[in-house]
Structures are given as structure tokens and as C-alpha cells.
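Quick notes on the structure that follows.
The values are calculated or read from the model by the stated rules, or taken from the named source; none is laboratory data. Every value quoted in this text rests on a predicted model; they were computed, and no experiment measured them. Backbone-built Cβ (ideal geometry, glycine too); neighbour counts: all protein chains shown.
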Amino acid sequence: MAALDDLKTRLHSGLELQHACTARWHDPGAAVETDGNPQDLHACIAAQHACNFQLWHIEDTARRRDVGPEVIADCKRRIDALNQERNDGMEKVDACLLRELAFLLPASRPGAAPRYNTESLGMAVDRMSILSLKIWHMEEQLARPDVDAAHLGNCADKASVLRAQRRDLAGSILDLVDEFARGDKQPHRYYQFKMYNDPALNPELYKNQEPSHAGI
């Protein structure tokens, strides 16, 4: 099926785009693209990956012990905001893929109970994003002149494992698309519904607020 092959090709190239963006964004002065056209698969994948890229480096800063509490507090607020964007980005990737998959799905089988995967495609794409960042930073360790051979060997082994894990996950993602196209499983969109950023749902944010009388 040409449409299925086209979707799998674009999805695979979108996963490779994560690797390319990781390398490009680490260049000094490089701009991190954060706006993704919700209709464009590659743009959605890149925008979601940009959230993880920024989170990675802010999380590193948040572990510093040589800065004041105001720096750590600022990191925490930025992390919360980016985590929300990260999860929103996963849902946008899912929405984009579900639109395209809708034209490929076979008719439901009479009497057959639907079967779903343990995570959505968007969640799996997010895991690929994190693996891409882990690989880049683990390989960065191999260029350090200030560490011993044991450190280099340990990092080289870990980088090899991470590359294998990412390769396996990429294959599983494409296999899942095939399962959807055959009707073996049905695509599903899972919602995160993060509560900690919502002033109406986080008790630490709403407990001292004046009661709202809206709608009464």
C-alpha cells in the first residue's frame, strides 16, 4: 500500500530528524525551533523534541550546588512549563498521526474486541527523543580529555546499548503502524491531564485563593 509506505517513510525520517536536530542545536548560537505546524508530522516531531532538548539542559542546571536558591527555583518553574509543552507536543504528534492513519485503517472486524497498545505513537516518539539526547550526551563523554580509560570504556558501552535500544524502538514503532493498518490493533490517543500546573487542580495553588462564584 503506497500510502502506508509513505507514512512509514516519513515517520522514520521524522525520528532521524530528532538526531539531526540534537546535533544542530548543540552548535553554539544555533536556534532551537519550537513552533510546529500541527498539520505537518516533521514539524510536530521537531517541536516536541525541542521541549525535551531544553528540558535536558535546564535539568542539568537544576542539579548545580554552586548557585543560589533563586536559580534553582527559576529552573523548577521553567521545567514545569516545558514539561507541559512536552506532553502537549506528544498529543499533537498523536493527532497528526491519527489523521493520517484514519485513511489507512481497515473496517472493524464484526464481534472483535478492539486491541490497543500500552502507549500511543506520540509517547513512543517522545521516548525516541529522549534516547536521541542520551546518545548524544553519552557520546560527548567520549571526547573528554579529563577522564580515565575506565570512564571512557563505560560510556562507550552505554552508548552502544542506547543506540541498540533506539534502533529496536524505531522498528517497534513502524511495526505498530503495520499492526494498525492490518487491523490487529487500533490507534489510541492517551491524555496526560497534568494537574500540577493547573491552578484549579493543584491544591497547593488553589487552597489559599478566594472562592470563585463564577456560574453561581
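General observations
Rundown of residues vs (1) in contact (Cβ under 8 Å) with a residue 60 or more places away in the chain; (2) assigned to a helix (DSSP H, G or I); (3) not β-branched (Val, Ile, Thr), yes/no style:
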| position | (1), (2), (3) |
| --- | --- |
| 94 | yes, yes, yes |
| 112 | no, no, yes |
| 123 | yes, yes, yes |
| 157 | no, yes, yes |
| 170 | yes, yes, yes |
| 176 | no, yes, yes |
| 187 | yes, no, yes |
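- In segment 1-49, the qualifying residues are those that are part of a loop (DSSP other than H, G, I, E, B) and under 17 Å from the mean Cα position of the chain (by Cα), and the one that is surrounded by the most Cβ atoms within 10 Å (Cβ to Cβ) is 36.
- Residues of segment 58-87 satisfying the condition of being more than 20 Å from residue 192 (Cα to Cα) and not in a loop (DSSP other than H, G, I, E, B): 58, 59, 60, 61, 62, 69, 70, 71, 72, 73, 74, 75
- Of all residues in segment 96-110 being among the charged types (D, E, K, R) and either in a loop (DSSP other than H, G, I, E, B) or surrounded by 14 or more Cβ atoms within 10 Å (Cβ to Cβ) (or both), the one that is modelled with the highest pLDDT: 100
- Segment 193-205 residues that are on the phi < 0 side of the Ramachandran plot, paired with ones that are small (Gly, Ala, Ser) and not in a loop (DSSP other than H, G, I, E, B) (beta carbon under 9 Å, 6 or more apart): 197/81
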